[in-house]
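So the structure is just underneath, and the comments pick up after that.
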């Protein structure tokens, strides 16, 4: 189910057209919620209407193209990667930073693209329900936390979209997600730090290892909860 929540969350990326068209001069918090609500609706609609090619190669190519075409405009990968590298970012060369950026981006495309490829999207859409909750008090200017309850077969799961307002692009972008108390940003940063420790600060080996262990999938990887017990 975690993969499902993550995949739905990355619908913000898959349906980049609905986000990238959202110019918001004021950066109002309510717009960040509207972006999430509309995008979730569009994602479910897309799943219901999906008619992927019958052959696996065609399906794979279609989904990868969809993800690649719409991923970059709505997810601030540079911002995310800087946070994942954490204390190791400053000492990394420009080439190493860009290399990890490419590796991390590809890990998401491969992981979530494969999940979509293996899913019966129409059947999944019929079982799926969601509710974007009213915004709570937002404590930081230009930052917004949008809570969404996703339910499937009688079970509910909470996903929090961490959004920030990019003044240059004049739109809200996704910078992190929390799924059932698991903060993905913290989880990824912990994972990268462990690789750096394992390889005695060798950036190239740590980045190469990330590409082989599927950085986009938490199954089998230690995760850290922000809400103890979840």
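Annotation: of all residues in the stretch 135-151 being over 11 Å from residue 29 (Cα atoms) and surrounded by fewer than 16 Cβ atoms within 10 Å (Cβ to Cβ), the one that is modelled with the lowest pLDDT is 151. Filtered by the rule that a residue be over 19 Å from the mean Cα position of the chain (by Cα) and touching a residue at least 40 places away in the same chain (Cβ under 8 Å), the stretch 143-172 gives 152, 155, 167, 170. Looking at 105, 79, just one residue is under 26 Å from residue 39 (Cα atoms), touching a strand residue (DSSP E or B) at 6+ places or on another chain (Cβ under 8 Å) and either at pLDDT 70 or above or crowded, with 17+ Cβ neighbours inside 10 Å (or both), and that residue is 79. Here the condition is being assigned to a helix (DSSP H, G or I) and at pLDDT 70 or above; of 99, 70, it holds for 99 alone. Of the residues making up the stretch 45-67, those that are modelled with pLDDT of 70 or more and within 26 Å of residue 185 (Cβ to Cβ) number 0.
The values are calculated or read from the model by the stated rules, or taken from the named source; none is laboratory data. Quick caveat: nothing in here was measured; it's all calculated off a predicted structure. Note: ideal-geometry Cβ built from the backbone for every residue, glycine included; neighbour counts use all protein chains shown.
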